[in-house]
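I have placed the structure first, in the form of structure tokens, so that the comments after it can refer back to it.
The values are calculated or read from the model by the stated rules, or taken from the named source; none is laboratory data. What you are looking at is a predicted structure, and each value in this text was computed from that prediction instead of being measured. Here Cβ is always computed from backbone atoms with ideal geometry, including for glycine, and neighbour counts include all displayed protein chains. Areas reflect the complete protein model, heavy atoms only, side chains present, ligands, DNA and RNA absent. Shrake-Rupley method; radii C 1.70, N 1.55, O 1.52, S 1.80 Å.
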Amino acid sequence: MTSSELWTRATADRYDAEETETSSAAVLGPTLAFLAELAGDGRALEFAIGTGRVGVPLRERGVPVVGIELSEHMAAVLRRKIDEDTLPVVIGDMATTVVPGEFTLVYLVYNTITNLLTQDEQVECFRNAARHLEPGGRFVIELGVPPLRFLPPGQVAVPFDVSEQHLGFDTFDLVEQILVSHHFARDGDDGRYRRENSRHRYAWQAELDLMARIAGLELERRVADWDGSPFTQDSAKHISVWRKPT
């Protein structure tokens, strides 16, 4: 068991409803095209597959997908969408759990590597990806750039969403590289808000590249989004691809 916080049944049951925008064809189209091209004729392994927001439609595009998921509740939601024979899921953590066979692609999307709250565990995640890749295979991570440029002296919080149904902001421990995402979500029409928070260990691009080197992987490319747009100093996130040497 890693330091990742477990998703509860209640959170898993409402996850898809809260992620309708990120599950839309407009958002997922470029993601699926990017991953399918890298998978080629081989198999793909998704770390922290969750409810299958990416894995299920990628499988429907013809890419054989296997998932690893820490939360049994999240995996149960996925199982309502697709059967075990079509998309196998192993319950376990993404830093140490091993599934049979080799893959042309291992991927980890939506900032999920930050669920591992120590640097050592994040390094082990890279090593686990390399362990599953065939020579020439790729490891892909989608991760936001830590928004520390928005922190003036003395400020510890950065808002990331201010809308009618949701208020979200991150607070930062700059010494431990830990951020806490705070969410206030409106439930129903009575005006009440549900409060939740989650801890994450943020990491910089150069730190991830060093983790990849430790795992024997080489940076192949880094772009700002799934559409392949260039990564610049103003990019809010990155899609990074590391390759296992042949």
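Please identify every one of the trypsin sites (Lys or Arg not before Pro) in the range 65-156 that sits in a loop by DSSP and has no more than 13 other beta carbons within 10 Å of its own beta carbon.
When the trypsin sites (Lys or Arg not before Pro) of the range 65-156 are filtered for loop state and at most 13 Cβ neighbours within 10 Å, 80 remain.
Loop-only check: which GluC sites (Glu not before Pro) in the range 18-77 are DSSP coil with at most 12 other Cβ within 10 angstrom? Write down the numbers at each step before the final one.
On the way: sites: 18, 19, 21, 37, 46, 60, 69, 72; in loops: 19, 21.
Passing both the DSSP loop test and the Cβ count: 21.
Of all DSSP beta bridges in the chain, what percent run antiparallel (nearest 5)? Please list the in-between numbers first.
Values: 35 of 50 bridges.
That works out to approximately 70 percent antiparallel.
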Whole-Å distance linking the alpha carbon centroid of the range 1-29 with that of the range 153-173 is 20
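Loop-only GluC sites (Glu not before Pro) in the range 133-231, please: DSSP not H, G, I, E or B, and at most 14 other Cβ atoms within 10 Å. List each step's numbers first, then the result.
Values: sites: 142, 164, 176, 196, 207, 218, 220; in loops: 164, 176.
Sparse-neighbourhood loop GluC sites (Glu not before Pro): 164, 176.
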Residue-normalised 222 nm signal for the chain, counting each DSSP H run of n ≥ 4 as -39,500 (n - 2.57), nearest 500 deg cm²/dmol, is -7500 deg cm²/dmol
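Roughly speaking, to the nearest percent, how much of the chain's 1.4 Å accessible area is carbon and sulfur? Mind showing how you got there, number by number?
Values: 6360 of 12200 Å².
The nonpolar share, carbon plus sulfur, comes to 52 percent.
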Rounded to whole Å², per residue accessible area for the chain with a 1.4 Å probe reads 50
Note, the range 170-184: 3J(HN,Hα) by Karplus (6.51, -1.76, 1.60, θ = phi - 60°), whole Hz, Gly/Pro = x, goes 10, 10, 10, 9, 6, 7, 8, 6, 10, 10, 10, 8, 9, 10, 10
Karplus-derived 3J(HN,Hα) from phi for the range 234-246 (6.51 cos²θ - 1.76 cosθ + 1.60, θ = phi - 60°), whole Hz, x at Gly and Pro, runs 9, 5, 7, 8, 9, 10, 10, 10, 10, 10, 7, x, 7
Amide H contacts under 5 Å for residue 160, restricted to residues at least 5 apart in sequence or on another chain and with H modeled in the peptide plane, are 168, 169, 170
Listed residues 193, 110, 202; largest mean-square fluctuation, Gaussian network over the chain with Cα springs below 10 Å, found at 193
The long-range amide H neighbours of residue 117, using H built 1.01 Å from N in the peptide plane and a cut-off of under 5 Å, are 3, 4
